[in-house]
Amino acid sequence: MTMLLYRRWFLHWRDMCLQNQHTSQKTVGRYGRLMGLLSVLLLTLWGGQIQAASGQGGRFYEAWIPVTDQSDASRQAGFQRGLDIVLQRVTGRAQVSSVSEFTDIREQAGNLVSQFNYREQPEVDRKQPWQRYLLQVSFNEVALNDLLRKKGLAIWGAGRPPVLVWITREQAGHREIVGGSQFSVIRDSLDYASNEWGVPLIYPLMDFEDAGALAVSDLWGLFADPIQQASKRYGVNTVLAVRVWPSMAGEGLFNARSLFLFQRQTISSDFRDIAPEELAERLLSTVAGQMAGYYAVTADGSPGRPVRISVDGIDTVSIYANLIRYFEDLTAVRQVMPIHVSGSKVLLEVTIDGSMEQLRAIIDLERKLVASSPSIQDGVGQEVNAMQWLSDFDYRWYQ
């Protein structure tokens, strides 16, 4: 079953239990045990979804653009729009089309395309009647990143923490916390903006544990402490809480207030008389901008900073190759050189852009290395010269 099917099954049983007031105590207990098991299953799947979120680098350099036809003019316009989306994703910067630093790069849109193709859209899927085709365009990651580095622009790599989104709404005088499958007008807009910005979103299960952990009044009040406490079960520390209520200015418009919790920062925003699409875009713009400011790495023209990293658990040649490839694929890393090998432990000298704190944060996101003690022994258990193994970071290979 897919994640979505498990979730639908879970919500079905939850609703039966909550709505049937004449259910026997024995049956309620059976429902409770079943929902507990399903909660564990869903949280396990959630963990896999969180880990997968950090391995989507290639997708960040791809865009789907609606176009009228397959003419050269439409295609070139699509390339331009696609590059703007990709630049937005990999820098965390909004409105790149009007930012002077990106002008030279945007003028090379056609030269940066690695491949493209078309897909005809069914009429029911077209947001506008003229959007007959979707142009899928992929850009050359290496070439684009080289241009960004030469411009001194920060690059936000593929390792990105998922953002847990809590939503509460007021409707007809009633306030409630809504799950990810509810309130689709807001959820769909958030998911679309999530793709445009390359920010993975997850939503709470809204089971009995969530209901007991976070009161509607606390979420409506956007109180940071109870929201953070309720979010701990999902293994995330990046949280967006939003309260929404209908606007009197027109059909389909909302008022909203949000709270973004990230790296000990709390950022509040207010919105009035806003459409769901614009609300989602502005929320994700703030989220992406803050996250990129923390994780994105800038090449400042210096030779780079050498960092020594010891990694244990390197038992085979294939694991060693995976370790080297792992560091080479990190946006912050320029070069990887092995210095010492003893038993299953390897000492690497890694030349990086950015700070050591950024490198540590990026490694923590990838979840392929876990911190370990800095001791080292050779193959027969004798202590090796400690000076040779002085390192800035000590890890064990996790995968």
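The values are calculated or read from the model by the stated rules, or taken from the named source; none is laboratory data. Note that the structure is predicted; figures quoted are calculated from it, not measured. Note that we place each Cβ from the backbone using ideal geometry, even for glycine, and neighbour counts take in every protein chain shown. Side chains included, ligands, DNA and RNA excluded: accessible areas come from the protein's heavy atoms. Shrake-Rupley method; radii C 1.70, N 1.55, O 1.52, S 1.80 Å.
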Name, by its number, the condition in (1) modelled with pLDDT of 95 or more; (2) open to solvent by less than 50 Å² (accessible area, probe 1.4 Å) that does not hold for Val99. (1)
Within the stretch 102-127, considering residues that are in a helix (DSSP H, G or I) and over 17 Å from Glu141 (Cα atoms), the one least open to solvent (accessible area, probe 1.4 Å): Thr103
Could you grab me the full set of residues in the stretch 311-332 that are hydrophobic (A, V, I, L, M, F, W, C) and in a strand (DSSP E or B)? Val311
Residue, nearest to Trp156 (Cα to Cα), within the stretch 318-335, restricted to residues that are among the β-branched types (Val, Ile, Thr) and crowded, with 18+ Cβ neighbours inside 10 Å: Thr331
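Kindly indicate whether Asp210 is assigned to a strand (DSSP E or B) and touching a strand residue (DSSP E or B) at 6+ places or on another chain (Cβ under 9 Å).
On the way: assigned to a strand (DSSP E or B): no; touching a strand residue (DSSP E or B) at 6+ places or on another chain (Cβ under 9 Å): yes.
Judged against the criteria, Asp210 is not a match.
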With the checklist (1) closer than 15 Å to Gly92 by Cα; (2) open to solvent by less than 20 Å² (accessible area, probe 1.4 Å); (3) not basic (Lys, Arg) in hand, flag the one item Ile167 doesn't pass. (1)
The stretch 128-162, residues that are within 17 Å of Arg334 (Cα to Cα) and not in a loop (DSSP other than H, G, I, E, B): Glu141, Val142, Ala143, Leu144, Asn145, Asp146, Leu147, Leu148, Arg149, Lys150, Ile155
Is at least one residue of the stretch 285-307 under 21 Å from Gly179 (Cα atoms), of a type in the set (D, E, K, R) and surrounded by fewer than 20 Cβ atoms within 10 Å (Cβ to Cβ)? no
Here the qualifying pairs (Cβ atoms under 6 Å; residues six or more apart or on different chains; first in the stretch 93-104 and closer than 16 Å to Gly198 by Cβ; second assigned to a helix (DSSP H, G or I)) come out as Ala94/Ser285; Val96/Asp84; Val96/Leu87; Val96/Gln88; Val96/Phe102
Filter pass, Asp315 being on the phi > 0 side of the Ramachandran plot and either open to solvent by 70 Å² or more (accessible area, probe 1.4 Å) or β-branched (Val, Ile, Thr) (or both): no
Report, by residue number, each residue of the stretch 196-215 that is small (Gly, Ala, Ser) and either in contact with a helix residue (DSSP H, G or I) (Cβ under 8 Å, 6 or more places away or on another chain) or open to solvent by less than 20 Å² (accessible area, probe 1.4 Å) (or both). Gly198, Ala213, Ala215
Residues satisfying the stated conditions in the stretch 172-195, i.e. surrounded by 15 or more Cβ atoms within 10 Å (Cβ to Cβ) and not in a helix (DSSP H, G or I): Glu176, Ile177, Val178, Gly179, Gly180, Gln182, Phe183
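Across the stretch 225-254, what is the number of residues that are touching a residue at least 12 places away in the same chain (Cβ under 8 Å), within 19 Å of the chain's Cα centre (by Cα) and over 18 Å from Val199 (Cβ atoms)?
2
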So Glu176 ticks every box in (1) among the acidic types (Asp, Glu); (2) free of Cβ contacts under 8 Å to residues at least 24 places away in the same chain; (3) closer than 30 Å to Ala215 by Cα but one. Which box is left unticked? (2)
Among (1) under 30 Å from Asp72 (Cα atoms); (2) part of a strand (DSSP E or B); (3) charged (D, E, K, R), which single condition is Arg169 missing? (1)
From the residues in the stretch 216-249 that are open to solvent by less than 40 Å² (accessible area, probe 1.4 Å) and assigned to a loop (DSSP other than H, G, I, E, B), which one is nearest to Met291 (Cα to Cα)? Thr238
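Step by step: first the residues of the stretch 255-279, then only those that are assigned to a strand (DSSP E or B) and touching a residue at least 40 places away in the same chain (Cβ under 8 Å), then the one that is farthest from Ala193 (Cα to Cα). Which residue is that?
Selected residue: Thr266.
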Taking the options Glu101, Glu107, name whichever one is acidic (Asp, Glu) and in contact with a Lys or Arg (Cβ under 8 Å, 6 or more places away or on another chain). Glu101
Kindly indicate whether Pro303 is at pLDDT below 95 and either within 23 Å of the chain's Cα centre (by Cα) or closer than 23 Å to Ile363 by Cβ (or both). yes
